[in-house]
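Single-structure report; data block below.
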Amino acid sequence: MPQEKLTFDYSISKTLHIKLSGDWQVTCGFPSVNEVTVQLASHKEIAQITFDVSGINKWDSGFVSFLFHLIRECEHRNIRVNREGLPEGAEKLLALALRVNEKKLAHPQARELFLEKMGGKVLQIYGSILSLLNFLGEITFGFGRLIIGKSYFRRDEFIYIVQSCGASALPLVSLISVLVGVILAFIGAIQLRLFGAQIFIADIVGIAMVRVMGAVMAGILMSGRTGAAFAAELGIMQVNEEIDALKTLGISPVEFLVLPRVLALVIMMPLLALYADFMGILGGYLVSTGILGLNPVEYWNHTQSAVKISNLWVGLVHSFIFGIIIAVAGCLRGIKCERNAAAVGQATTSAVVEAITSIVIATAIITFICQILGV
């Protein structure tokens with residue numbers, strides 16, 4: 001390599017001044033970092049390196065690579081590198097390369113103490129709870145404005161969301177609900193057959209579907225279908241800065257985007273739960289009368305006598321709460337999404353996981369309360 005591209009000056013105490021000249025391009029060739037390393041090894045007192053790049057004609061990624069490896073070598077030797085005077089473009093690329101490398105090489109061996117980890121988790125949970133409460137407060141405020149006629153969102157978009165949450169979900173809800181009813185009928189038949197009481201399959205299927213299973217299955221399906229869609233839609237809008245544009249125009253994103261989605265799910269979830277109840281009972285009816293040989297009229301009469309109005313109301317309460325949970329989880333994760341493609345996927349996954357987990361927890365709580373109240 002031509003030596004004139006790299007010259008050294010020790011005129012300043014404990015400082016190595018490196019003068020770079022010529023073309024620093026991959027195609028032209030340039031000196032190796034080893035030449036600087038030799039100088040550092042022969043002068044142990046060096047504590048700082050400075051650069052003079054006034055003689056450089058052209059440079060490309062090779063120049064940035066040279067500086068990058070030189071800085072890494074100086075870090076190992078505890079030598080400060082003064083990057084003042086470098087070309088502006090090279091300085092930006094170098095800073096970006098160093099930042100990415102620091103993330104990759106973040107000391108995995110430097111383990112956090114147990115209390116530090118626990119403290120971090122507690123703070124993270126505390127922040128999530130505050131964010132959720134703030135979001136719920138904004139939704140409540142938006143509903144208040146909607147009641148008094150001051151909230152604004154597009155009616156045609158609301159109708160589209162209602163259709164997407166309702167009619168478009170019927171095929172999937174039908175399939176799963178019928179299969180759940182079939183499964184309950186077969187499971188009930190295994191034990192009831194021992195006592196010759198297969199007719200009580202109607203009671204098991206009817207009560208289970210109307211009271212809990214219809215709402216739960218509809219809720220889980222809507223979490224994976226609609227909740228994920230809400231998170232993805234709002235996440236993409238966040239990435240494209242559309243939500244910031246709404247704020248700039250003085251439009252509340254919660255009122256304009258979140259409110260119609262929450263309202264649509266709250267309206268459609270009880271209806272979907274009722275439909276799931278019917279399809280589940282139908283599935284149990286088809287298995288019991290077509291395979292297990294039960295009398296259709298007797299099965300229907302048993303279903304009518306077993307399913308009380310209180311069971312229906314419990315199921316509707318389940319579905320109403322599930323609608324709120326799914327909408328809030330999906331919209332919250334979408335609104336809080338970071339501005340990159342990977343974050344949209346993470347937001348979608350988080351929305352589904354949180355919604356399903358919350359549905360299971362809410363079901364347990366409601367069941368416990370109903371047990372106490374004797375409902």
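A few comments on the model shown:
- Dividing the summed -39500 (n - 2.57) terms of all DSSP H runs of n ≥ 4 by the residue count of the chain sets its mean residue ellipticity at 222 nm at -22500 deg cm²/dmol.
- Positive dipole terminus of the range 3-104, leading residue within Tyr10, Pro31, Ile79 (C-beta point charges): Ile79
- Charging the Cβ of each Asp and Glu at -1 and of each Lys and Arg at +1, and nothing else, the dipole of the chain about its Cα centre rounds to 600 debye.
- Helix 155-165 and the long axis of the chain differ in direction by around 70°, with both axes built from C-alpha atoms.
- The range 164-240-the range 67-100 distance, computed between alpha-carbon centres (Å): 59
- Rg/Rh for the range 111-151, where both radii come from Cα atoms and Rh is the Kirkwood radius: 1.41
- Sites listed here are GluC sites (Glu not before Pro) in the range 273-375 whose DSSP assignment is loop and whose Cβ has at most 10 other Cβ atoms within 10 Å, and the list is empty.
- Crossing angle, helix 88-104 versus the chain [Cα axis fit, 0-90 degrees, rounded to tens]: 50
- Mean Cβ neighbour count within 10 Å, used as a protection proxy, ranking 156-167, 140-151, 208-219, 118-129 highest first: 208-219, 156-167, 140-151, 118-129
- Fewest neighbouring Cβ atoms within 10 Å first, the residues Leu132, Leu292 line up as Leu132, Leu292.
- Listed residues Glu255, Glu233, Glu45, most fluctuating in the chain (Gaussian network, C-alpha, under 10 Å): Glu45
- Of Lys247/Lys336; Lys92/Lys336; Lys121/Lys336; Lys121/Lys247, those spanning more than 25 Å from alpha-carbon to alpha-carbon: Lys92/Lys336; Lys121/Lys247
- Matching label, semi-axes √(5λ) of the Cα gyration tensor in Å computed from the structure shown, candidates (1) 36, 36, 28; (2) 67, 25, 19; (3) 69, 21, 19: (2)
- Percent RCO, i.e. relative contact order, over the chain, from Cα pairs under 8 Å lying at least 6 residues apart: 17
Readers should treat all values here as calculations from the given coordinates under stated rules, not as data from a laboratory. What you see is a predicted model, and the numbers here were worked out from it, not measured in a lab. No Cβ is skipped: glycine too gets one built from the backbone with ideal geometry, and neighbour counts run over all protein chains shown.
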